[in-house]
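In what follows, a single structure is set out as structure tokens and then discussed.
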Amino acid sequence: MFTLKNVCKTFKPSRGLGRELSAWLGSLGGRREDDDGVKAVRGVDLIIRPGEILGLVGESGSGKSTLGRIMAGLYLPDEGTVLFDGHDLTNLDKEGWKKFRRRVQIMFQDPVSSLNPRLTAGAIVEEGLVIHKMGTATERRARVLSLMEEVGLPADSVNRYGHQFSGGQRQRLSLARALSLDPELLIADEPVSALDVSIQAQIINLLMDLKARRGMTLVMVSHDLPLVRILADRLAVMYGGMIMEVVDREFLETVRHHPYVMSLWASAANEGFSHILEGEPPDPQNPPTGCPFHPRCREAIDICREQRPQLLQHDPGFACACHRRDKLEFSRQLPL
């Protein structure tokens with residue numbers, strides 16, 4: 001369904017005040033005036049399989065949300081190609097984009113900023129149906145009520161506005177809007193990170209139930225590795241704008257993981273053994289040469305500092321971007 005090849009995305013500073021601010025920061029030892037911008041995604045190769053749940057995992061600033069927005073067509077890559085059913089998104093015409101929007105939808109982390117405060121809940125859910133000229137007014141009304149029921153919102157809430165809902169209800173409303181066009185692929189960008197733990201479980205269970213009943217493909221963007229490990233069929237782990245590894249869930253306990261992934265699991269398990277991370281994530285405005293993880297990696301050697309590793313298939317269901325992957329000897333199993 002989706003194939004990403006060498007996808008790159010850089011956010012360049014705006015002109016005028018933005019460049020003046022860049023120069024000022026440079027004078028303070030911050031961002032250099034001649035920097036090319038924030039390198040959010042750097043050479044990503046990834047295939048999304050129809051019907052799967054793909055967990056896209058990484059720390060804040062790893063590029064995972066940017067990559068999710070590229071998949072949703074909200075950003076176009078600066079380099080590389082994004083193919084959907086063999087069609088390059090950069091070559092789509094107006095009609096092609098309209099068809100794409102019906103088939104691919106995104107659910108955002110912050111429903112407050114993504115919901116139009118001037119529209120009622122019913123109008124928010126119906127908006128896509130109106131744009132795509134789907135059904136009569138009566139049919140659309142019935143469809144809206146059905147969607148509200150499907151995501152667990154009362155029918156009488158159609159006339160309420162976004163600020164009148166709780167955080168969990170807003171996320172349900174966002175989900176109803178995303179599902180209104182019966183998408184084949186839903187990208188859920190940190191859908192529960194801003195919610196209380198009890199509400200998180202409700203939204204996750206709802207997503208899993210809807211995914212199973214509708215047969216959708218689901219991309220779950222998250223920083224919560226243990227949560228995604230339970231839900232996803234495959235995990236793609238990002239760091240410094242690159243994908244460090246992609247692994248099928250069934251192989252999690254048997255493959256030799258990237259050092260960064262070992263560190264993530266150690267941190268998630270709160271266990272103080274040798275793979276706990278030290279140092280800070282890379283600056284996306286001035287990323288390190290070679291492997292982006294090498295400044296924090298205890299296994300790094302010269303080639304790690306000089307050459308960017310390729311994401312290579314090592315075992316069935318497992319790909320890794322590490323120059324030293326076949327040389328590493330880990331002291332213990334992942335803390336799963």
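The values are calculated or read from the model by the stated rules, or taken from the named source; none is laboratory data. Computed from a predicted model, the values in this text were never measured in an experiment. Reconstructed Cβ throughout: ideal geometry from the backbone, glycine too, with neighbour counts over all protein chains shown.
For region 283-330, the set of residues classified as at pLDDT below 90, in a loop (DSSP other than H, G, I, E, B), out of contact with any Asp or Glu (no Cβ under 7 Å at 6 or more places or on another chain) and closer than 15 Å to Tyr260 by Cα consists of Arg298, Glu299, Glu329, Phe330, listed by residue number. Please name all residue pairs, on different chains or six or more residues apart, with Cβ atoms under 7 Å, provided the first residue is in region 305-317 and is within 23 Å of Ala232 (Cβ to Cβ) and the second residue is part of a helix (DSSP H, G or I). So the pair list comes out as His314/Arg325; Asp315/Phe251; Gly317/Glu250; Gly317/Phe251. The condition of being within 21 Å of Lys5 (Cα to Cα) and more than 19 Å from the chain's Cα centre (by Cα) holds for only one of His132, His163, His87, that being His87.
When Pro287, Pro292, Pro281 are checked against the criterion of being closer than 26 Å to Leu195 by Cβ, touching a Gly at 6+ places or on another chain (Cβ under 7 Å) and either charged (D, E, K, R) or crowded, with 16+ Cβ neighbours inside 10 Å (or both), a single residue qualifies: Pro281. A Cβ distance below 7 Å, combined with a sequence gap of six or more or placement on separate chains, defines the contacts here; from region 64-92, residues that are part of a helix (DSSP H, G or I) reach residues that are surrounded by 14 or more Cβ atoms within 10 Å (Cβ to Cβ) and basic (Lys, Arg) in the pairs Thr66/Lys9; Ile70/Lys9. Among the residues of region 90-102, the one identified as exposed (fewer than 15 other Cβ atoms within 10 Å of the Cβ) and either within 18 Å of the chain's Cα centre (by Cα) or of a type in the set (A, V, I, L, M, F, W, C) (or both) is Trp97. Just checking, does region 108-122 include any residue being at pLDDT 95 or above, touching a Ser or Thr at 6+ places or on another chain (Cβ under 9 Å) and in a helix (DSSP H, G or I)? Checked region 108-122: at least one residue is at pLDDT 95 or above, touching a Ser or Thr at 6+ places or on another chain (Cβ under 9 Å) and in a helix (DSSP H, G or I). The residues of region 162-192 that are of a type in the set (Gly, Ala, Ser) and touching a strand residue (DSSP E or B) at 6+ places or on another chain (Cβ under 7 Å), listed by number, are Ser174, Ala178, Ala188.
Please go through region 184-207 and give me each residue that is surrounded by 15 or more Cβ atoms within 10 Å (Cβ to Cβ) and touching a residue at least 60 places away in the same chain (Cβ under 8 Å), ordered by number.
Correct list: Glu184, Leu185, Leu186, Ile187, Ala188, Asp189, Glu190, Pro191, Ala194.
Among all residues of region 194-215, there is none that is of a type in the set (Val, Ile, Thr), under 15 Å from the mean Cα position of the chain (by Cα) and modelled with pLDDT under 90.
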